[in-house]
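The values are calculated or read from the model by the stated rules, or taken from the named source; none is laboratory data. Only a predicted model underlies this, so the values are computations on that prediction, with no experimental measurement involved. With ideal geometry, Cβ positions are generated from the backbone for all residues, glycine too; neighbour counts draw on all protein chains shown.
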Amino acid sequence: MTKKEKLKFCNAFLLFMTIIMLATSIFLEATGSRSITCVCVHIAVGSLFAGNVAWHLYLHYELKSWFGRLRKQKSTITRWFALSGLLTFASGIITTLHWVATQQHSPFGGVHGKIGFTFLLLAIAHTAKRWRFFKMK
């Protein structure tokens, strides 16, 4: 499989995972995170999503400094996208640890949700800007 084919597969999977992540996020927001099963599904989907984001970055930058290259980005939106992704990931870990210990929604989980929604909106904009990549033969 060529790098371009891997990237196309990775991006298609990211698109699918973005939709699932958004759906589980909205469901948790609407229900106040009351369902243990739904929270577990959200954590599992979020873990797969984070792994897919890492693979996406690897395909673009290989093992070179991701943070350095993202920091040098000319696009302010891409920088905000990267920052919101990093904050979503970090707050997701903390929120998951809190939830596993207490099985209760916390204010920090609410903050994680707001940052996460920002990240998902930027991910949708990022994808829309590059939509022609999906149309390539």
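Numbers at a glance
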quantity: Positions within segment 1-42 being farther than 18 Å from P107 by Cα, touching a residue at least 60 places away in the same chain (Cβ under 8 Å) and of a type in the set (S, T, N, Q), in sequence order; calculated: N11, T18
quantity: Restricting segment 49-77 to residues that are in contact with a Phe, Trp or Tyr (Cβ under 7 Å, 6 or more places away or on another chain) and either at pLDDT 75 or above or among the acidic types (D, E) (or both), the residue that is farthest from G92 (Cα to Cα); calculated: L57
quantity: Residues of segment 1-20 classified as polar (S, T, N, Q) and under 14 Å from N52 (Cα atoms), total; calculated: 2
